[in-house]
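Here, each number is a calculation from the coordinates, and none is a lab measurement. In this text the structure is predicted, and so the values were computed from the model without any measurement. Cβ atoms come from the backbone with ideal geometry, glycine included; neighbour counts cover every protein chain shown.
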Amino acid sequence: MDLNKTEKLDDQEVSKLEGEGTLSDKNMESNSLRSISSKDMIFRADKIDLKSLDVQLEKHLSRVWSNNLERQNNQRPKEVWEIDPLKLEIKYLVAKGTYGTVYRGTYDNQDVAVKLLDWGEDGMATAAETAALRTSFRQEVAVWHKLDHPNVTKFVGASMGTSNLKIPSKTDSEGYTTLPSRACCVLVEFLRGGTLKNYLYKNRKKKLDFKTVIQLALDLSRGLSYLHSKKIVHRDVKAENMLLDTNRTLKIADFGVARVEAQNPKDMTGETGTLGYMAPEVLNGKPYNRKCDVYSFGICLWEIYCCDLPYTDLSFAEVSSAVVRQNLRPKIPGCCPGSLTQIMKKCWDANPDKRPEMDEVVKMLEAIDTTRNRGGMIPEDRSGLMIGCFTCSTKPKTYRD
């Protein structure tokens with residue numbers, strides 16, 4: 001071996017080689033190690049951590065993919081719905097959910113809710129998986145930005161990936177963090193009234209007057225009818241995904257799992273949504289269509305009337321099994337007007353084909369007389385004195401047909 005032509009290893013490499021015993025002769029002197037060429041080194045296979053190498057390789061590929069994406073974003077023409085990051089100021093965290101993190105912010109002097117969706121920047125998803133998610137995201141945004149209805153949250157804009165945004169850290173001392181270039185964000189109007197779920201919880205004891213019940217139900221039904229007319233299935237209709245403005249107008253939000261309705265129902269399968277609101281066909285893994293939203297609306301209508309949550313005394317597994325096999329549904333109070341009771345039952349029918357279309361539901365709700373404002377759920381402090389509601393207990397129970 002020609003020692004004059006060998007590449008010398010630095011002290012750190014020598015220390016690592018001596019400590020891990022990666023050379024065939026562990027007793028070699030350090031001065032000899034310094035003169036060994038890399039081509040003459042022998043590595044023990046049992047000392048190589050293949051799993052760690054895989055993770056490092058994937059992270060490296062992710063960084064390369066992200067850098068390439070950033071360059072592509074800068075070069076390609078802008079979509080009509082793409083935001084200018086310089087006009088967006090993200091202020092503080094509002095909520096964290098399954099499909100992203102929501103912040104309060106301003107865009108071009110307008111109050112907005114900013115939903116960040118980060119797919120795979122931590123190396124947990126492959127570049128191919130992330131690319132598929134982003135393609136789906138682009139398709140959904142292309143549809144959403146065209147929607148315009150008073151009962152659907154107004155779409156402001158979106159970003160398909162930029163590292164120019166500053167995200168507030170959990171503590172003031174940490175300052176800001178940057179958005180990974182793989183991440184996407186959606187901007188919608190910020191509604192100060194909060195979620196329908198919180199509104200119902202605040203009124204759980206005194207309940208809502210009948211006019212308010214019908215008004216909220218009409219807002220929700222009209223919004224869903226509009227989405228269905230655009231061939232959009234929300235797939236996660238629940239009180240938590242409905243927002244209120246300062247005038248108590250309800251608007252449908254969170255299109256995290258919404259999708260354009262497939263021509264063939266068999267193309268839409270899988271347990272998508274929230275368990276207590278999921279239609280039997282969805283829970284059963286069968287093909288479904290927009291009628292799954294109608295079922296969820298029926299559950300929401302019961303919630304709005306009762307100011308309560310369904311199935312609170314049952315586990316997730318019990319609910320899933322009973323809804324499919326025993327036709328489990330929330331119990332409708334005796335004080336609920338027959339017209340509203342019939343709408344609930346029609347909407348949550350086990351057979352999707354027997355459920356009405358949402359535009360039919362709108363007509364049924366509009367036909368209900370609210371001029372006398374009678375028929376609302378009886379407040380808890382009076383329910384024990386009244387006949388026909390929940391006289392023995394103020395808490396609604398579930399029933400099985």
| field | Cβ crowding within 10 Å averaged over residues, with 274-281, 201-208 ranked highest first | value | 274-281, 201-208
| note | Set LYS251/LYS291; LYS207/LYS291; LYS146/LYS231; LYS207/LYS346; LYS115/LYS154; LYS146/LYS251, cut-off 18 Å on Cα-Cα distance; pairs above it are LYS251/LYS291; LYS207/LYS291; LYS207/LYS346
| field | Residue order, fewest to most beta carbons within 10 Å, for GLU140, GLU318, GLU303 | value | GLU318, GLU140, GLU303
